[in-house]
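Peer 1: Quick one: structure below, then a few questions.
Throughout, read-outs are computed from the coordinates displayed, never taken from laboratory work. Computed from a predicted model, the values in this text were never measured in an experiment. Cβ: placed from backbone, ideal geometry, glycine included. Neighbour counts: every protein chain shown.
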Amino acid sequence: MTHWMHRLLLRGSLLGLLLAAPLLRAAEPLIEHRTEVAASPAELWQAWTTREGLRSFFAPDARIDPRPGGLFEIHFNPYMPEGQRGADGLRLLALQPEQMLSFEWNAPPHLPEVRAQRTVVIVRFEALGEGRTRVTLSHLGWGSGGQWDEARAYFGKAWSFVLGNLNRRFAEAKPIDWTPWLARLKAEAERAAKS
């Protein structure tokens, strides 16, 4: 709020209240996480915009077409039917090589009210020098009440996990090994098929 708006509000001016009202509304709900990664923006760009890169830290499988409107699917459980594997049917919105990408996002299958809709994720890369990059992930477009609040709480934690995996992938100089995760999911799928 500017100095003059603040002064008008302190005086109790009706004009001041009218001018400042839009600024006093609650801000758009936002999840935002930042981390510093031992990688260059070019390396991080490859991690976020290629199938192999996404598989190295995000999930066991992915489908991506790195262009505006291109496919951006992250499959957390490839043994589920199509549409239930994770972030299914999503699209990239904008790309600025080695600086920013944005994409649609949906909620997990156990939150169908929100899953049927879309939110937006923006990932930004800021070179810090010496092979380090700040990654800022912002997730916005949230509704309120019901499953919206549950989904926002879920992703408040989930994005920390994803960025932790991203850090680990570069700190250890090797991709995440999804073999144990996939073995567990396959066993669960086989048990469910027998039931």
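Peer 1: 5 Å is the cut-off here: which amide hydrogens, built 1.01 Å from N in the peptide plane, fall below it relative to ASP61, excluding neighbours closer than 5 in sequence?
Peer 2: HIS75
Peer 1: Check the straight Cα-Cα distances from LYS186 and name the lysines below 21 Å, setting aside those fewer than 8 residues away within the same chain.
Peer 2: Excluding near neighbours in sequence, the set is LYS194.
Peer 1: Provide the per-residue ³J(HN,Hα) series for segment 62-75, in order, calculated from phi with Karplus coefficients 6.51, -1.76, 1.60 and θ = phi - 60°, each as a whole number of Hz, with x at glycine and proline positions.
Peer 2: With coefficients 6.51, -1.76 and 1.60, one gets 7, 10, 9, 10, x, 8, x, x, x, 4, 9, 10, 10, 9 Hz.
Peer 1: Under 8 Å for C-alpha pairs, at least 6 residues apart: give me the relative contact order for segment 81-195, rounded to a whole percent.
Peer 2: 14 percent
Peer 1: Counting each DSSP H run of 4 or more residues in the chain as -39500 (n - 2.57), what helix-only mean residue ellipticity at 222 nm follows after dividing by all residues, to the nearest 500 deg cm²/dmol?
Peer 2: The helix contribution divided over the chain gives -12000 deg cm²/dmol.
Peer 1: Within 10 Å of each residue's Cβ, count the other Cβ atoms and sort LYS186, LYS157 from fewest upward.
Peer 2: Placing the least packed residue first, the sequence is LYS157, LYS186.
Peer 1: Computed over the Cα atoms of the chain, what is the ratio Rg over Rh, Rh following Kirkwood?
Peer 2: Value, to two decimals: 1.08.
Peer 1: Here's another thing I want to ask about it. Please list 3J(HN,Hα) in residue order for segment 179-195, calculated via the Karplus relation 6.51 cos²θ - 1.76 cosθ + 1.60 where θ = phi - 60°; whole Hz, with x for glycine and proline.
Peer 2: Residue by residue, segment 179-195 yields 4, x, 4, 5, 4, 5, 5, 5, 4, 5, 5, 5, 4, 5, 5, 7, 6 Hz.
Peer 1: Sort GLU104, GLU28, GLU36 so that the residue with the fewest other Cβ atoms within 10 Å of its own Cβ comes first and the one with the most comes last.
Peer 2: Neighbour counts put them in this order, fewest first: GLU28, GLU36, GLU104.
Peer 1: Now for a different question. When a/c is below 1.5 the answer is rounded, else prolate if a/b is larger than b/c, else oblate, so apply that to segment 24-90 with a ≥ b ≥ c taken from the square roots of the Cα gyration tensor eigenvalues.
Peer 2: Judged from the Cα gyration tensor, segment 24-90 comes out oblate (a/c at least 1.5, b/c at or above a/b).
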